[in-house]
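The values are calculated or read from the model by the stated rules, or taken from the named source; none is laboratory data. Keep in mind that what you see is a predicted model, and the values were worked out from it rather than measured. Here the Cβ positions follow ideal geometry from the backbone for every residue, glycine too, while neighbour counts run over all protein chains shown.
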Amino acid sequence: MPTISQLPSASAVSAADEIPISQAGVARSASVGTLLAPVQPAIILSSPALLGRNSIGSGGPEQVQVGVGVNLSGGTLVADGLDHSGFPSVSALSVDAELVISNQGSPMLMPASFLRGLFSAGENVAIDPNGVVSAMNGSAVAGTTLSVSGIGDLPILTGLADQDLVPLSHGGSAYAISYSKFLDGITIDQAQAAGPASDSDMLWVAQSSNVMVSQTLRAVWVWVANKLPTYKAPIVEITTSINLDTTLHNGRILVCSQPATLTPLTTDLGSGFQCVVINASLGTVTLGSGFVTSSGSLTLMPWQSATLCCATYSAGTIAFAAMPTGEPTAVVPGQVTGLSASSVAANTIAIFWQSPSSGGAATSYVVQFRLSGTTSWSLTTPVIGSTDYALSGLLPATSYDIMVTALNTSGAGVTSSILTISTAAAAQQAVPPQVIGLVATVASSSSIQLEWAAQSGTSSATSFTVQYRLTGSSSWTFSSSGIIGAGDTISGLAAATSYDFSVVGINAAGSGTASAIITAVTNAAIASVNSITWNLLPSGPYTHGSGAIGINALIIPGSSPVRFGFSTSASSPPSVWTQATLVSTNLWGAYLPTPSTVGTWYTWGEGLDGSGQTVSSGSFQVQ
């Protein structure tokens, strides 16, 4: 029997072909079809496809196609996300929605609310649970003001409009309000008409600072009434003819030192205009066309006066003059005679004269004088009831021309003949006495204020010279001369430097004895302040306008001068500062006047150059 290897090869195999088998120990034959009938045939599928069963009834495995978004690769079934394009679109994203994401290669669902976790709210910004982004105040506390980061970098406005917006916090939430609504103000032409004025009407005023406070009309009137008794009408000197003007002449006293004509322009004067005119010349003052006078005359004689006014009434507008009531004398006085000098001194000349022997009776006299050789005369005030007069304030050893004129209501008479006479020479003057009471006050790092006792008497100084030097020098290095008055500020000095000072009085006779030497040291140069730490702050309450309040602080660097002040605002610095004094090491202190306004106040400090500006975190009360 041949072996298998010796058998010839079959060219093909069919189901009818038979092969030997052992069945219960007996050799039998079976066809290939019979042999394979109970065996599952091999199924070969191309990727991507799966075996499955989606039909009803009996049958073997069936090929199942892989759908969109799923991929079969290397025997692994994975999602590839390509099915997203077939998803339905949503019109809005809600907090409850879920998103399909890939987290490190694995598909996952994520709530839409988790997206907010990727964002954080910056300064003054809030994100609520619904995802709404809004502005908020910096501290998220109701009633606080909005803080703005980098406000110093913003552009600066030069003016405000009604619709400009102002940020504010209302009930803990941030809002904006228009500038006009913020002030809730109206212009004067928009305001409704007020009723009759009363004592309780209120006005806005600022007292001792730029903080606005209220004041009653009654209090203002009391202040005005107290000022009225000391009010003095302004004086206007008239030297030529003019048209009366409300702006220049209303409520004034017009003194006519030269003959002139005063003309009223009623349309310019307006009803209620009033002034007084005095004729201080030796000629006449004429009231121009348009005046109605109480006497019927339009002429004011020398040293007569009239009250002028303008009034509008039912018949129209008039310019009225209340003239002198005395009856004019028939004729002017005659010439003054016998003008002579009774005594002559260095600065005075006493004269006398005789009344005119002709013409009308004189009611007063005017003395005129001038420097000999000049043409301009000076007049004295009228001399009444006397025929002598003493001219004073004259120059020593100087020649003067003098004459006298008699006056009455009809005018001025003929002037007397001219008396020419010289004053006596001045007595020999002594040099000024020694300057005393010299005091030095340090004003800054480069200046010192000097004061000394004023001098009086015939030999007093007419000017002073300050001489000064560096302390330790043997001679005076610097000087400031021609100083009028008992004080001067010496500037241009070196910082933190000691100087000696002395003052000498000077008059026409020469220089007096120098004062005693005093020494003063200028302040250190102003240095920027890095920090201010409060050591002693006001605790209050304090009575407004009463006494002073002491404060001090630690300054870095300790040698930097500082100043302190009070403000009603924690954001706006004071308008008035007080320079502090170095107490010890780096502790600076000062006493500040108690504020005169009732309210809440804050303490401020800064370097003299404005550096290191600091405000106290707490406040105090003034009541």
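A few remarks follow.
- Taken over the range 363-375, the residue count meeting the criterion of being within 57 Å of the chain's Cα centre (by Cα), under 17 Å from Ser416 (Cα atoms) and among the hydroxyl-bearing types (Ser, Thr, Tyr) is 1.
- In summary, strands (runs of 3 or more DSSP E) completely within the range 220-339 and bearing 2 or more residues that are buried (at least 17 other Cβ atoms within 10 Å of the Cβ) occur at 253-256, 260-263, 274-279, 285-287, 291-293, 305-313, 316-322.
- Considering only residues in the range 508-545 that are at pLDDT below 90, of a type outside the set (A, V, I, L, M) and crowded, with 17+ Cβ neighbours inside 10 Å, the one that is nearest to Leu582 (Cα to Cα) turns out to be Asn523.
- Taking the listed residues Leu493, Leu470, Leu450, Leu536, the one that is in contact with a strand residue (DSSP E or B) (Cβ under 7 Å, 6 or more places away or on another chain), in the same structural domain as Thr578 (by TED's automatic domain parsing), of a type in the set (A, V, I, L, M) and at negative phi is Leu536, with no other qualifying.
- Tally, over the range 442-483, of residues that are part of a strand (DSSP E or B) and either farther than 13 Å from Thr519 by Cα or free of Cβ contacts under 8 Å to residues at least 40 places away in the same chain (or both): 14
- Identity of the residue in the range 77-93, closer than 19 Å to Gln104 by Cα and at pLDDT 75 or above, that ends up nearest to the chain's Cα centre (by Cα): Val78
- Checking each residue in the range 379-396 for being loosely packed, with under 13 Cβ neighbours inside 10 Å and either farther than 14 Å from Tyr365 by Cβ or touching a Lys or Arg at 6+ places or on another chain (Cβ under 6 Å) (or both) picks out Ser392, Gly393.
- Per the listing Thr216, Thr145, the residue uniquely at pLDDT 75 or above, of a type in the set (S, T, N, Q) and surrounded by 10 or more Cβ atoms within 10 Å (Cβ to Cβ) is Thr216.
- Candidates in the range 395-414 are the residues that are without any contact (Cβ under 8 Å) to a residue 60 or more places away in the chain and part of a loop (DSSP other than H, G, I, E, B); of these, the one that is nearest to the chain's Cα centre (by Cα) is Leu395.
- Answer residue from the range 365-380, given it is part of a loop (DSSP other than H, G, I, E, B) and within 20 Å of Ser342 (Cα to Cα) and is modelled with the lowest pLDDT among those: Thr380
- Residue in the range 267-316 that is farthest from Ala412 (Cα to Cα), counting only those that are over 47 Å from the mean Cα position of the chain (by Cα) and among the β-branched types (Val, Ile, Thr): Val292
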